[in-house]
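Reading through the structure tokens given below for one structure.
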Amino acid sequence: MLGRRSGSPIPRGGPRSDRARTHPVAVKLSPFFSSLPNMALCFQQAGAQGLVLFNRFYQPDFDLDLLEVVPRLELSRQQELLQPLTWVAILSGRVPLDYAVTGGVKTYLDVLKAMMAGARIVEVASLLLKQGPECVRPMLADMQSWMEEKSYESIAQMQGSMCQGHVSDPAAFERANYMRTLQSYLPLETRG
Ligand SMILES: Cc1cc2nc3c(=O)[nH]c(=O)nc-3n(C[C@H](O)[C@H](O)[C@H](O)COP(=O)(O)O)c2cc1C
């Protein structure tokens, strides 16, 4: 971030950079940090105003006939939303930053979920590449209808309403819940 050599530590509570104070800085994070809450805090203390969750790394494939590494661009799937959704829900009540969700946003319901997790911004790339910018208007209209049906007056009213601190089962976001999640698995043939 901002000219810092990779690998050098971010100062905790140190003086904020002048550039960060005058220009809002949002950092797009990798999902692979061992402690995302600690990283979020470090970025906040270093002067970032926002975090974008998450960077999506494009991984090349191997061509076994040519013995070459080949670039491969796969557009995202909706399932990918769950990772940023979980982390925004965990972080947004803890580290006061503006959060953006990116990865797997395909429908107006995905946008609403991101807002309820605590995001202020939703970024959409794959859907726009597939369907073109025309898909945005119906998404916004569907969001508005949904909000009217559920009597929400504004996005602000729902923002963070399903973050970890506000849901009835906060442990649902945590690894301690792993066994319960595994036990909830139903083999394909038994699903309704
Ligand atoms: C063709 C393409 C180009 C992209 N270029 C960038 C880029 O330059 N910088 C960046 O941070 N993310 C880039 N992204 C990632 C997107 O911003 C986004 O984070 C990612 O595609 C996940 O969102 P999606 O599920 O809506 O596609 C690119 C994505 C695509 C498909």
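The values are calculated or read from the model by the stated rules, or taken from the named source; none is laboratory data. These numbers come from a predicted model, not from an experiment. Here Cβ is always computed from backbone atoms with ideal geometry, including for glycine, and neighbour counts include all displayed protein chains. To get the accessible areas, we keep the full protein, side chains included, count just its heavy atoms, and leave off ligands, DNA and RNA. Shrake-Rupley method; radii C 1.70, N 1.55, O 1.52, S 1.80 Å.
Just the residues that are more than 26 Å from Ala48 (Cα to Cα) and within 11 Å of the ligand (Cβ to nearest atom), please, taken from segment 100-130.
From segment 100-130, those more than 26 Å from Ala48 (Cα to Cα) are 106-109, 126-130; that's our starting set.
Matches in segment 100-130: Lys106, Ser126, Leu127, Leu128, Leu129, Lys130.
Which is more than 28 Å from Thr22 (Cα to Cα) and open to solvent by 80 Å² or more (accessible area, probe 1.4 Å), of Leu82, Leu75, Leu112, Leu127? Talk me through it step by step, then tell me what you get.
Working: Leu75 fails: open to solvent by 80 Å² or more (accessible area, probe 1.4 Å); Leu112 fails: open to solvent by 80 Å² or more (accessible area, probe 1.4 Å); Leu127 fails: open to solvent by 80 Å² or more (accessible area, probe 1.4 Å).
Selected residue: Leu82, the only one of Leu82, Leu75, Leu112, Leu127 that is more than 28 Å from Thr22 (Cα to Cα) and open to solvent by 80 Å² or more (accessible area, probe 1.4 Å).
When only residues in segment 170-183 that are exposed (fewer than 10 other Cβ atoms within 10 Å of the Cβ) and of a type outside the set (Gly, Ala, Ser) count, which is farthest from Leu36 (Cα to Cα)?
First, the residues of segment 170-183 that are exposed (fewer than 10 other Cβ atoms within 10 Å of the Cβ): 175-176, 178-179, 182-183.
Restricting the remaining residues to those that are of a type outside the set (Gly, Ala, Ser) gives 175, 178-179, 182-183.
Working: Arg175: 14, Tyr178: 18, Met179: 22, Leu182: 24, Gln183: 27 Å.
The residue in question is Gln183.
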Inset, instruction - Among the candidates Leu109, Leu85, Leu127, Leu140, single out the residue that is hydrophobic (A, V, I, L, M, F, W, C), in a helix (DSSP H, G or I), touching a helix residue (DSSP H, G or I) at 6+ places or on another chain (Cβ under 7 Å) and farther than 30 Å from Ser34 by Cβ. - result: Leu127
Legend entry - Criterion violated by Ala20 - all others in (1) touching a Leu at 6+ places or on another chain (Cβ under 8 Å); (2) over 26 Å from Thr107 (Cβ atoms); (3) modelled with pLDDT under 95; (4) within 16 Å of the ligand (Cβ to nearest atom) satisfied: (4)
Legend entry - Extreme residue, most open to solvent (accessible area, probe 1.4 Å), among residues of segment 143-165 that are outside any helix (DSSP H, G or I) and more than 17 Å from Val101 (Cβ to Cβ): Glu153
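Yes or no, residue by residue, for (1) within 23 Å of Met147 (Cα to Cα); (2) open to solvent by less than 10 Å² (accessible area, probe 1.4 Å); (3) modelled with pLDDT under 95:
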| position | (1), (2), (3) |
| --- | --- |
| Gln45 | no, no, no |
| Pro60 | no, no, yes |
| Ile90 | no, no, no |
| Arg120 | yes, no, no |
Inset, instruction - Considering each residue of segment 90-99, count those that are away from the ligand (no atom under 14 Å from the Cβ) and in a strand (DSSP E or B), and give that number. - result: 1
Inset, instruction - With the checklist (1) within 16 Å of the ligand (Cβ to nearest atom); (2) among the hydroxyl-bearing types (Ser, Thr, Tyr); (3) at pLDDT below 95 in hand, flag the one item Ser76 doesn't pass. - result: (3)
